[in-house]
Each structure stands twice: as structure tokens, then as C-alpha cells.
Amino acid sequence: MSKTSLWRRGATADSINARFEGTVAGLLGIRVTAVTEEGLEAEMPVDARHIQPYGILHGGVSVVLSETLGSIASVNASPEGAQVVGIEVNANHLATVANGSRVTARCRPLHVGRTTQVWQTEIFRADGRMACVSRLTAAVLEAKGGAAADVGKEG
């Protein structure tokens, strides 16, 4: 049996990153490094933009990273013309991340259905320790126009 591709649209790391300019993802330095058959991979620096008052990565920034990747993945795993909206996000923060470091993230599907999708993002410190695991649930809606219908699409 042949495996069908997860991706239904022509997104590449470059096309997704171009979309990040002028958005919260761009402001935080989130960069997709790979679009694979298993999901998305990304990286983000941890600097003054990302820390909470105690000098470590702010948990909300980890959630922004997770929701960004899950949303992009949801759109690109949906039929052409579908609109995708996040309906729930949660996160477990497992380890601190120091200012001046970098995190990497892997976003993988747990469920890709006709009307809902669930994406899990794991965020890792530079030493390989998992710092956060987060899930995004998205609703897949019929298109009504707007920018979300072609997020990450080449061209």
C-alpha cells in the first residue's frame, strides 16, 4: 500500500518563512528549517524578546512557537480552499531554557481528519532535553476567502 502525503499544498520552508515577515513569528525569530513527510521542524533563538522576568524562556513564547507550527501544518494538510482555525492549545513546560540559547521544535500530526486536526509540538533545548510539549487542536472549515486559505503556499 502506498503512503499518501501528509501535505496537500506546496509549502516549503522558504515559502513559510517568507510569510512570517511582519508577524509575531517573524518578530520572535521563528524559522522553519524543514518540511518533511512527518511534519515540520523549526528553530528559535532565546534572547531578550523571549524571556520572562527571571531570565528564562517565557512559557507563553513556547506556546506561540507551538501554535505557529501547528497552524501552518494544519493549513498545509487541509484541502485547497479550506480555512483552518485553532480551537484549543495546551502546553506542559518540562525544563527551563536559558537566555542566550536556541530551541528547536518538531511538530507532528496526532490526528488529521476531515473537520479537526491535532498537532503535537515538542520543543528542545540545545542539550537535547525536552523543554515543552504542546498540542494544538484545529477546526477545518469551508473556505470563505481570506489569507488563511493559502498560508505557506509557494508563489
### Base-10 log of normalised Debye intensity for the chain (one unit scatterer per alpha-carbon) at q = 0.08, 0.09, 0.13, 0.14 Å⁻¹
-0.21, -0.27, -0.56, -0.65
### Query
Which distance in nm do the two modelled labels at Glu122 and Glu142 give, with both placed 7 Å along the Cα-to-Cβ direction?
3.9
### Message
Could you tell me how far the Cα centroid of the stretch 18-40 sits from the Cα centroid of the stretch 75-110, in Å?
### Response
10
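Under unit Cβ charges (Lys, Arg +1; Asp, Glu -1), what dipole magnitude, rounded to 20 debye, does the chain have relative to its Cα centre? Before the final figure, lay out the partial values.
On the way: 15 positive and 15 negative charges, 37 e Å.
The dipole magnitude comes to about 180 debye.
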### Query
Taking only the alpha carbons of the stretch 62-142, what extent do you get along each of the three principal axes, in Å, biggest first?
42, 19, 16
### Message
Projecting each Cα onto the charge dipole of the stretch 14-112 (Lys/Arg +1, Asp/Glu -1 at the beta carbon, about the Cα centre), which of Val24, Thr36, Val84 comes out farthest on the positive side?
### Response
Val24
## Note on the structure
Relative to the chain, whose Cα atoms define the longest principal axis, helix 59-76 and its Cα axis are tilted in degrees, nearest 10, by 20
### Summary
Taking 0.36 nm per residue of separation between Asp47 and Ala95 and subtracting their Cα-Cα distance, the length gained on full extension comes to 15.6 nm
#### Entry: Calculated [θ] (222 nm, deg cm²/dmol) that DSSP helices of n ≥ 4 give over the chain, each run adding -39,500 (n - 2.57)
-6000 deg cm²/dmol
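What percent do you get for the relative contact order of the chain when only Cα pairs under 8 Å and 6+ apart count? Mind dumping the intermediate values first?
On the way: 343 pairs, mean separation 43.3, N = 155.
Relative contact order, the chain: 28 percent.
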### Summary
Once the mean of 1/r over all distinct C-alpha pairs in the stretch 1-78 is inverted, the Kirkwood radius in Å reads 13.5
### Formal net charge of residues neighbouring Pro45 (Cβ-Cβ distance under 14 Å; K, R +1; D, E -1)
+2
### Query
Relative to the present Cα-Cα distance, how much length would full extension add between Asp14 and Thr33 at 0.36 nm per residue of separation?
6.0 nm
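Where a number appears in this text, it was derived from the coordinates with a stated rule and is not lab data. On a predicted model such as this, the values are computed, not experimentally measured, just so you know. Please note: Cβ atoms are built from the backbone with ideal geometry, for glycine as well, and neighbour counts cover all protein chains shown.
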